[in-house]
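> The structure's right below; bear with me while I get my questions together.
The values are calculated or read from the model by the stated rules, or taken from the named source; none is laboratory data. Everything numeric here is computed off the predicted structure, so don't read it as measured data. As a convention, Cβ positions derive from the backbone with ideal geometry for all residues, glycine included, and neighbour counts pool all protein chains shown. Each accessible area value is taken on the protein alone, full model and side chains, heavy atoms only, with ligands, DNA and RNA left out. Shrake-Rupley method; radii C 1.70, N 1.55, O 1.52, S 1.80 Å.
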Amino acid sequence: MQRGTLHVATIGGGCFWCLDAIFKTIRGVETVISGYSGGNVPGVPTYREVCSGLTRHAEVVQLTFDPEQVSYKDLITIFMLSHDPTVANLEPTAYGSQYRSVIFYHSHEQQQQATAVITDISSDVIGSITTEVVAASVFHAAEEYHQDYFNKYPTETYCSAIIAPKLKLLQGQFTDKLKRHEHPR
């Protein structure tokens, strides 16, 4: 692996706004883009189409990260602890396949590491983990108003009631993984 080479991770677990907010605070994560992946229709889907459930896309975030600062395994661990991986197709305020828990791996190594993390945490959760681990497919960036949603609208009800408490909890658990300027709100 070349020094300074960025890697890509694509994950979905409920609403992409939560994952966007969480991973923007993690040291070594260079970019976070909210989007859609895993669908079965041609073209670029819209948020409305994805929410219909007919496209089979999942709401995801695609991260670029520096593996010398944060490992893929650490990112997957943070992801698995940032949502309930035992409940299929659910996020706090809605239900549908677009909210499924899914890891889109970009290499055989990522597939092995994701599976290992799931195995490691499965004894610590109540219920069976429903997270899918599947090969990465085409990623489509979501509309601009979905990008960096929490930072744009921190007082919006979903942000203050759902994202802020989740962010505070996870930042408390992963203090050693935070960017220097980030601290629990």
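> Counting just the residues of the range 24-53 that are among the polar types (S, T, N, Q), open to solvent by 20 Å² or more (accessible area, probe 1.4 Å) and touching a residue at least 12 places away in the same chain (Cβ under 8 Å), which one comes out farthest from Lys152 (Cα to Cα)? Can you show your working first?
In the first step, residues of the range 24-53 are kept if they are among the polar types (S, T, N, Q); the result is 25, 31, 34, 37, 40, 46, 52.
Then keep just the ones that are open to solvent by 20 Å² or more (accessible area, probe 1.4 Å); that gives 31, 40, 46, 52.
Of the ones still in play, those that are also touching a residue at least 12 places away in the same chain (Cβ under 8 Å) are 31, 40, 46.
On the way: Thr31: 16, Asn40: 31, Thr46: 21 Å.
Out of the qualifying residues, it is Asn40.
> Further, regarding this structure: Among the listed residues Ala136, Ala116, identify the single one that is small (Gly, Ala, Ser) and surrounded by 15 or more Cβ atoms within 10 Å (Cβ to Cβ). Talk me through it step by step, then tell me what you get.
Details: Ala116 fails: surrounded by 15 or more Cβ atoms within 10 Å (Cβ to Cβ).
Step by step, each of Ala136, Ala116 is checked, and only Ala136 is small (Gly, Ala, Ser) and surrounded by 15 or more Cβ atoms within 10 Å (Cβ to Cβ).
> Can you report the number of residues in the range 1-34 which are at pLDDT 90 or above and at positive phi?
Final tally of qualifying residues: 1.
> Next up: Restricting attention to the range 67-91, which residues are of a type in the set (Ser, Thr, Tyr) and under 16 Å from Glu132 (Cα atoms)?
Filtering the range 67-91 for residues of a type in the set (Ser, Thr, Tyr) gives 71-72, 77, 82, 86.
Result: Thr77, Ser82, Thr86.
> Can you tell me how many residues within the range 27-49 are in contact with a strand residue (DSSP E or B) (Cβ under 7 Å, 6 or more places away or on another chain), farther than 16 Å from Tyr149 by Cβ and polar (S, T, N, Q)? Working first, answer last.
Taking the range 27-49 first, the residues in contact with a strand residue (DSSP E or B) (Cβ under 7 Å, 6 or more places away or on another chain) are 27-38, 44-45.
Subset that is farther than 16 Å from Tyr149 by Cβ: 27-30, 37-38, 44-45.
Right, trim to polar (S, T, N, Q) and you get 37.
Qualifying residue count for the region: 1.
> Now for a separate question. Which ones in the range 99-112 are open to solvent by less than 50 Å² (accessible area, probe 1.4 Å), within 17 Å of the chain's Cα centre (by Cα) and either at pLDDT 90 or above or under 17 Å from Thr64 (Cα atoms) (or both)? Lay out the reasoning, then the answer.
Just the residues of the range 99-112 that are open to solvent by less than 50 Å² (accessible area, probe 1.4 Å), to begin with: 99-105, 107, 110.
Going one step further and asking which of them are within 17 Å of the chain's Cα centre (by Cα), we end up with 99-105, 110.
Residues satisfying the conditions are Arg100, Ser101, Val102, Ile103, Phe104, Tyr105, Gln110.
> Filter the range 40-66 for residues that are touching a Phe, Trp or Tyr at 6+ places or on another chain (Cβ under 7 Å) and in a helix (DSSP H, G or I) and give the result.
Hit for the range 40-66 is Val50, nothing else.
> Oh, and also: Restricting attention to the range 35-81, and to residues there that are under 16 Å from Thr10 (Cβ atoms) and among the basic types (Lys, Arg), which single residue is modelled with the highest pLDDT?
Result: Lys73.
> Residues that are touching a strand residue (DSSP E or B) at 6+ places or on another chain (Cβ under 6 Å), hydroxyl-bearing (Ser, Thr, Tyr) and either at positive phi or open to solvent by 50 Å² or more (accessible area, probe 1.4 Å) (or both): does the range 158-171 have at least one?
Within the range 158-171, not a single residue is touching a strand residue (DSSP E or B) at 6+ places or on another chain (Cβ under 6 Å), hydroxyl-bearing (Ser, Thr, Tyr) and either at positive phi or open to solvent by 50 Å² or more (accessible area, probe 1.4 Å) (or both).
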